Amino acid sequence: MDTLQLIQLKLRGESNRSCSKILSIHRNTINYYVRQLKASGLQFSDLLELSDTELRELFPTPNTTDTDRYQ
């Protein structure tokens with residue numbers, strides 16, 4: 001997902017549900033990303049100034065091989 005697109009939509013005042021429809025991503029995924037963005041302590045406009053690498057660091061990806069179920 002392009003995080004920048006989500007940030008731009010949120011700056012336009014779009015709801016999480018409408019962002020979900022526009023980006024064709026499940027709304028729970030949008031909710032997760034928005035929570036992570038807000039937890040960063042930065043405003044959406046400040047997030048636009050971050051590089052792609054810096055934005056990726058805000059969203060840690062779980063490693064599925066580390067789970068008990070996988071073992």
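Here, each number is a calculation from the coordinates, and none is a lab measurement. What you see is a predicted model; the values in this text were computed from it and never measured. Cβ atoms come from the backbone with ideal geometry, glycine included; neighbour counts cover every protein chain shown.
Summary table
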{"item": "Estimated vicinal HN-Hα couplings, Hz - segment 27-40 in sequence order (Karplus 6.51, -1.76, 1.60; Gly, Pro = x)", "result": "5, 5, 5, 4, 4, 4, 5, 5, 4, 5, 5, 5, 5, 5"}
{"item": "Global form of segment 3-59, assessed from the alpha-carbon gyration tensor, a/c cut-off 1.5", "result": "prolate"}
{"item": "Linear extension gain, Asp46 paired with Asp2, 0.36 nm per residue minus alpha-carbon span", "result": "14.2 nm"}
{"item": "Using a Förster distance of 25 Å, the FRET efficiency for His26-Arg56 (Cβ separation, nearest 0.05)", "result": "0.80"}
